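Student: One structure, pasted below without further comment.
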Protein chains: 2
Amino acid sequence: MPDQDWKTICTSRKKKQNDSIPPEWLIETPADYQSNVLEIPSTCGLLTLHELEITDTDIEVLLHKLRSAEWSSTEVTTAFYKRAIIAHQLTNCLTEIFVPRALARAKEVDDHLRTTGMPIGSLHGLPISLKDQFSIKGLETIMGYAGWIGRYAESDSVLVEILYECGAVPFVRTNVPQTLMWGETYNNVFGRTTNPYNRYMTPGGSSGGEGALIALRGSPLGVGTDIGGSVRIPSAFCNLYGLRPSYERFPYCNTLNAAEGQESISSVLGPMANSLAAVKIFAKAIIDARPWRKDPLAVRKEWSEREYALAEHGNGVNMCFAIMWDNLVVKPHPPLRRAMEMVKKALEAAGHTVIDWEPHRHMDIYRNAENIFAADDGYDYRAACELSGEPLLQTMSPATDAHKYALDEPMARTIVGERRHVNAWELWQLHKEKRAIRKSHLDHWEATATRTGTGRPVDAIISPVAPYTACPHGCNSDAFYTTFCNALDYTSCAFPVTYADAALDGAQAPHAFYNHEDEAIYKLYDPKLFHGCPVGLQLIGQTQEEEGVIALTGVVDQALKALGKK
Amino acid sequence: MPDQDWKTICTSRKKKQNDSIPPEWLIETPADYQSNVLEIPSTCGLLTLHELEITDTDIEVLLHKLRSAEWSSTEVTTAFYKRAIIAHQLTNCLTEIFVPRALARAKEVDDHLRTTGMPIGSLHGLPISLKDQFSIKGLETIMGYAGWIGRYAESDSVLVEILYECGAVPFVRTNVPQTLMWGETYNNVFGRTTNPYNRYMTPGGSSGGEGALIALRGSPLGVGTDIGGSVRIPSAFCNLYGLRPSYERFPYCNTLNAAEGQESISSVLGPMANSLAAVKIFAKAIIDARPWRKDPLAVRKEWSEREYALAEHGNGVNMCFAIMWDNLVVKPHPPLRRAMEMVKKALEAAGHTVIDWEPHRHMDIYRNAENIFAADDGYDYRAACELSGEPLLQTMSPATDAHKYALDEPMARTIVGERRHVNAWELWQLHKEKRAIRKSHLDHWEATATRTGTGRPVDAIISPVAPYTACPHGCNSDAFYTTFCNALDYTSCAFPVTYADAALDGAQAPHAFYNHEDEAIYKLYDPKLFHGCPVGLQLIGQTQEEEGVIALTGVVDQALKALGKK
């Protein structure tokens, strides 16, 4: 047991965080009842017009100006840092704040360009935010555990090493939930992150700090991780693009994690950003850096321009997409349904075919995945909490004023069955089951070739990321739309479509509920409550189709824009 | 418990096997004391001159003649089948024998070519032998377990499906040891496979049936599996080329296995053949078939002509190889040392640099790997044996006349420590350790860039496959030279170098023994005993370097040939 009470340690660490904010960057924060804070960075007066210009600039232009020394990394990093600190004051999205260090790195990058005339790499000078798992030498990696306070990293994560090689400037780290296994963002050390579209709502999780930060344009590019939806959920809830790559396509080596060593369904890292261009730039930069030099598990597969040109998908013309309107486990809320209808219309207008996806063995998939996640019966999480004596969180609901439809027993828990710590052989049986399900699902997908009209199986699946948009804190109980891809290792990319609109997305009559969670989520819907929340979807490709999935998401994005919907 | 005694069941199954041999293909077998039987296929009189020509033909010519209909698949399959049956009578290398079915397939292939004028695929008409794990619909997959007799496959392994797509003719299945976790080949159902170079010796294992069969040219191409050396050990012991690819580069889906679901160190499948050309033909054919369409775990990475051209290795000129003369766990016997000296001389003569490899953390690697293999404390193996009541084998030594230096307690057992069935969290800790070791070893490899003179890390490592050549039954106790690659997921390819020669490979004075196994293996060496055994080595590349490793092995092979050593 620690010498000090965990609450004292957390309070002290939180104060240290506050103290790391330059006092001149403190703003007058709006009252708590102001739910939408998206305009504050522009209106609070801290950012100069030039800094607003920088932080509002598209990433391609930003990188061009950095490479050509039109803008220095120092001024760009300063601009984003100030905006990130504003975002933090509005949504509590940051963990590690290290202004002098980041600016020293920016200066180093600027000096390099000035003295050599050459940019360091493809991300030259770009500030990049990182989820609180990616260690930076000399900084703590607390990752939401009170007991990890004081864990100073002795080396950089491989991702960070590669970002440095590419010329990037890691500049903040962002908040997570305790254990990382929640689709919301709250822990005992740094507290709760809120959604800048509506602070009564969660930004999602577990990469929720990234979600809130990037939504406020406090970072041009962030990196999250995803084991059950943790990149895509905050992306969808915060109006972002976010890629869940396949296992080990990007280097996870020396990144801290909960339940580290659990390899049955691996966590992956992925980019989150305001544009799909940023997602592609990150993916190509990391893969072009040949991560297998540094990470023994990284897939040795070069960036494929051929796959990005959709050579495997009829070169991108006359493709066939399938929409998963409902996974038959939880029915999506009306705004999601409308977003899918928009996508269908847009794709058809662009000359593609759209068919209905037939859900295949979803409950088998989820039961297997949840049993894998629970294989140690939470031993790892409890052990991490015992380091400080902090309690293992049982809910993401606020202590007071919890929403009435927050579920105490979400299905992810109830389907596990008898909870106990399984042995190695029993885990192997879960692996056998997992492999059989993956084979069955792949065969199901391949069999669609008979009904696509293209001669190929469905080129991609369009699906909700969650059955709702951003929801009240404590209410994000269902991660099955995303865990689906983690369990099957399908590549997927979240993308924004529209906003919930009380006028268009009226409540619907109850259906025959699939289960108790479906019923609770049905009841949660209230057109006024959700009005204005971003509505995101995901595009799902097959395993290790990162290049194709980014390009296919671009096809959908362009189709929506062509219809004037975005 | 079964109705019948397991011995009765096994005897009956063995009789069924014997009955499946066409009586006209039975030969007069030599006396047991005739140890070398390599010439018998040519001298026994069963094969016609034309059949001898077919079975002695290089694979490229064979495939050309099949594609051009100069030779029919029926005559080629018949020739190899007869030779395989001869090999079986000499070494007991086969399990499933299904002549009518294979010939029906060959006829189908011939009919296709005749009616369409087109070959089915790149392996058109080629007979291929398969280790007794690759299920073929309608046939039993017994895999060395008495309790699996009567397990008729309801579908083909994905590999078999792809072989059919490529036009191949699967024609025999080959023997394995019970549990597959031995470097020799004996089980209670089909008995012991012997080495045609010296039947007092083991052909190695677990793909030992393939080793013996192909050494006798009873198959132009075979497929084995490798979790700790099971492709490379029989390749080295039987004078063959054999590739251990990285995890999931080739499709393992729906292939039966022992300890199925153990994903910490995965078994892989790989080709075994009399030529490196056959290894490449197999690898390219399987990858070109896009196995990820059918196997959800298969790596989505196309065959790379760029990597095969050694673009990552200075285009194959002035490379730097490192030789692992000794892993500091077990010192190799004199013939292995001489083979490595031959390779060094040949590579230097070809313009390459050869440096010494510095072994790095081998005992850590082996302890971690063996603890992973033992994570269920043998529960899976015992359960398989309990199906029939057969005993779990504790040795590969013959019941009588066991060699005096056969080790009862090989180090693979003694380093595991307390034997018990670990739980999921403990297994995850082994994974963490495994990842840390892999990172450490990769960094060690990359750091060689400072001493290669090429600006690159060492292009490949040359190492023994085992510290000895083929050895007396029961004496192959050490698999650490090969398990090394499985634990680190390094691609490696076994290749023949020379033959043990009592005149050249005299006994050496004892060294300071590293451990009890090293001492036993030192004592095992007897120049006369090993005289004439093939000496193979392996070339080790990094993870997912299949194309490069095949090409680099070709560089070594050509260099040896240029020196007139092969």
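The values are calculated or read from the model by the stated rules, or taken from the named source; none is laboratory data. The shown structure was predicted, so the numbers you read here are calculated from the model rather than taken from an experiment. Please note: Cβ atoms are built from the backbone with ideal geometry, for glycine as well, and neighbour counts cover all protein chains shown.
Student: So which residues in the stretch A:16-69 are among the basic types (Lys, Arg) and surrounded by fewer than 16 Cβ atoms within 10 Å (Cβ to Cβ)? Spell out how you get there, then give the answer.
Tutor: Keep residues of the stretch A:16-69 that are among the basic types (Lys, Arg), which gives A:16, A:65, A:67.
Across the stretch A:16-69, the qualifying residue is only A:Lys16.
Student: Return the residues of the stretch A:282-298 that are outside any helix (DSSP H, G or I) and away from chain B (no Cβ under 12 Å); say none if nothing qualifies.
Tutor: The answer is A:Ala289, and nothing else.
Student: Just checking, how many residues over the stretch A:515-541 are touching a residue at least 12 places away in the same chain (Cβ under 8 Å) and farther than 20 Å from A:Met272 by Cα? Explain how you work it out, then say what you get.
Tutor: Just the residues of the stretch A:515-541 that are touching a residue at least 12 places away in the same chain (Cβ under 8 Å), to begin with: A:515-518, A:520-541.
Next, only the ones that are farther than 20 Å from A:Met272 by Cα stay: A:515-518, A:520-532.
Here the count works out to 17.
Student: Out of all the residues in the stretch B:519-566, which are within 14 Å of chain A (Cβ to nearest Cβ), of a type in the set (A, V, I, L, M, F, W, C) and either closer than 20 Å to B:Ala470 by Cβ or assigned to a helix (DSSP H, G or I) (or both)?
Tutor: Once the filter is applied, which keeps residues that are within 14 Å of chain A (Cβ to nearest Cβ), of a type in the set (A, V, I, L, M, F, W, C) and either closer than 20 Å to B:Ala470 by Cβ or assigned to a helix (DSSP H, G or I) (or both), the stretch B:519-566 yields only B:Val549.
Student: Please enumerate the residues belonging to the stretch A:399-444 that are touching a strand residue (DSSP E or B) at 6+ places or on another chain (Cβ under 8 Å) and modelled with pLDDT of 95 or more.
Tutor: Answer for the stretch A:399-444, where residues must be touching a strand residue (DSSP E or B) at 6+ places or on another chain (Cβ under 8 Å) and modelled with pLDDT of 95 or more: A:His421, A:Val422, A:Asn423, A:Ala424.
Student: Provide a single number: the residues in the stretch A:460-485 that are within 14 Å of chain B (Cβ to nearest Cβ) and either within 19 Å of A:Pro410 (Cα to Cα) or outside any helix (DSSP H, G or I) (or both).
Tutor: Residues that pass the stated criteria total 1.
Student: Assuming B:Met272 fulfils every condition listed in (1) crowded, with 23+ Cβ neighbours inside 10 Å; (2) hydrophobic (A, V, I, L, M, F, W, C); (3) assigned by the TED database to the domain that holds B:Thr450; (4) within 24 Å of the chain's Cα centre (by Cα) apart from one, which condition is it?
Tutor: The failed condition is (3).
Student: Also: In the stretch A:396-433, what residues are in contact with an Asp or Glu (Cβ under 7 Å, 6 or more places away or on another chain) and either touching a residue at least 24 places away in the same chain (Cβ under 8 Å) or surrounded by fewer than 19 Cβ atoms within 10 Å (Cβ to Cβ) (or both)?
Tutor: A:Met396, A:Leu407, A:Pro410, A:Met411, A:Ala412, A:Ile415, A:Val416, A:Arg419, A:Arg420, A:His421, A:His431, A:Lys432
Student: Here's another thing I want to ask about it. Output yes when any residue across the stretch A:92-105 is in contact with a Ser or Thr (Cβ under 7 Å, 6 or more places away or on another chain) and either part of a helix (DSSP H, G or I) or of a type in the set (D, E, K, R) (or both), and no when none is.
Tutor: yes
Student: Within 24 Å of A:Trp6 (Cα to Cα), of a type outside the set (A, V, I, L, M, F, W, C), touching a strand residue (DSSP E or B) at 6+ places or on another chain (Cβ under 7 Å) and crowded, with 24+ Cβ neighbours inside 10 Å: is that true of A:Gly209 in this structure? Show your work before the answer.
Tutor: Numbers: within 24 Å of A:Trp6 (Cα to Cα): yes; of a type outside the set (A, V, I, L, M, F, W, C): yes; touching a strand residue (DSSP E or B) at 6+ places or on another chain (Cβ under 7 Å): yes; crowded, with 24+ Cβ neighbours inside 10 Å: yes.
Yes, satisfied.
Student: Has the stretch A:384-403 got at least one residue that is under 24 Å from the mean Cα position of the chain (by Cα), of a type in the set (A, V, I, L, M, F, W, C) and within 14 Å of chain B (Cβ to nearest Cβ)?
Tutor: yes
Student: Filter the stretch B:232-277 for residues that are aromatic (Phe, Trp, Tyr) and more than 14 Å from chain A (Cβ to nearest Cβ) and give the result.
Tutor: Going through the stretch B:232-277, the residues aromatic (Phe, Trp, Tyr) turn out to be B:237, B:241, B:247, B:250, B:252.
B:Phe237, B:Tyr241, B:Phe250, listed by residue number.
Student: What about B:Ala436, is it more than 11 Å from every other protein chain (Cβ to nearest Cβ), among the aliphatic types (A, V, I, L, M) and either assigned to a helix (DSSP H, G or I) or free of Cβ contacts under 8 Å to residues at least 60 places away in the same chain (or both)?
Tutor: No: the conditions fail for B:Ala436.
Student: Also, quick follow-up: Please go through the stretch A:434-459 and pick out each residue that is among the hydrophobic types (A, V, I, L, M, F, W, C) and surrounded by 19 or more Cβ atoms within 10 Å (Cβ to Cβ). Walk me through how you get there before you give the answer.
Tutor: Filtering the stretch A:434-459 for residues among the hydrophobic types (A, V, I, L, M, F, W, C) gives A:436-437, A:442, A:445, A:447, A:449, A:458.
Passing the criteria: A:Ile437, A:Leu442, A:Trp445, A:Val458.
Student: Could you please tell me which pairs satisfy a Cβ distance under 7 Å, a separation of 6+ or placement on different chains, a first residue in the stretch B:307-320 that is free of Cβ contacts under 8 Å to residues at least 24 places away in the same chain, and a second residue that is loosely packed, with under 15 Cβ neighbours inside 10 Å?
Tutor: Correct list of pairs: B:Asn315/B:Ala309.
Student: Right, here's the next one. Would you pick out the residues in the stretch A:145-160 that are surrounded by fewer than 24 Cβ atoms within 10 Å (Cβ to Cβ) and either assigned to a strand (DSSP E or B) or small (Gly, Ala, Ser) (or both)?
Tutor: A:Gly147, A:Gly150, A:Tyr152, A:Ala153, A:Ser155
Student: Restricting the search to the stretch B:299-320, which residues are away from every other protein chain (no Cβ under 13 Å), surrounded by 19 or more Cβ atoms within 10 Å (Cβ to Cβ) and touching a Ser or Thr at 6+ places or on another chain (Cβ under 7 Å)?
Tutor: If the condition is that a residue be away from every other protein chain (no Cβ under 13 Å), surrounded by 19 or more Cβ atoms within 10 Å (Cβ to Cβ) and touching a Ser or Thr at 6+ places or on another chain (Cβ under 7 Å), then B:Met319, B:Cys320 are the ones that fit.
Student: In addition: Among the residues of the stretch B:486-501, which ones are away from chain A (no Cβ under 14 Å) and either aromatic (Phe, Trp, Tyr) or in a helix (DSSP H, G or I) (or both)?
Tutor: Correct list: B:Phe495, B:Tyr499.
Student: Considering each residue of the stretch A:410-433, count those that are away from chain B (no Cβ under 14 Å) and either under 24 Å from the mean Cα position of the chain (by Cα) or of a type in the set (S, T, N, Q) (or both), and give that number.
Tutor: 5
Student: Another one. Which one of these is closer than 29 Å to B:Gly417 by Cα and surrounded by fewer than 17 Cβ atoms within 10 Å (Cβ to Cβ): B:Glu370, B:Glu348, B:Glu341, B:Glu358?
Tutor: None of the other options fit; the residue is B:Glu358.
Student: Please report, ordered by residue number, the strands (runs of 3 or more DSSP E) entirely within the stretch B:161-251 with at least 1 residues that are in contact (Cβ under 8 Å) with a residue 24 or more places away in the chain, closer than 22 Å to B:Cys44 by Cβ and in contact with a helix residue (DSSP H, G or I) (Cβ under 8 Å, 6 or more places away or on another chain).
Tutor: Because the criterion is at least 1 residues that are in contact (Cβ under 8 Å) with a residue 24 or more places away in the chain, closer than 22 Å to B:Cys44 by Cβ and in contact with a helix residue (DSSP H, G or I) (Cβ under 8 Å, 6 or more places away or on another chain), the strands (runs of 3 or more DSSP E) in the stretch B:161-251 that meet it are B:169-174, B:222-226.
Student: Which members of the stretch B:95-124 meet the condition of being under 26 Å from B:Asn18 (Cα atoms), crowded, with 20+ Cβ neighbours inside 10 Å and touching a Leu at 6+ places or on another chain (Cβ under 7 Å)? Step through it out loud before you land on a result.
Tutor: Within the stretch B:95-124, the first condition is being under 26 Å from B:Asn18 (Cα atoms), and the residues that meet it are B:95-107.
Narrowing the set further to residues that are crowded, with 20+ Cβ neighbours inside 10 Å leaves B:95-97, B:102, B:105-106.
Selection gives B:Glu96 alone.
Student: While we're on this one: Since B:His88 meets every condition but one in (1) within 13 Å of B:Arg217 (Cα to Cα); (2) free of Cβ contacts under 8 Å to residues at least 12 places away in the same chain, which condition does it not meet?
Tutor: Of everything listed in (1) within 13 Å of B:Arg217 (Cα to Cα); (2) free of Cβ contacts under 8 Å to residues at least 12 places away in the same chain, B:His88 misses just condition (2).
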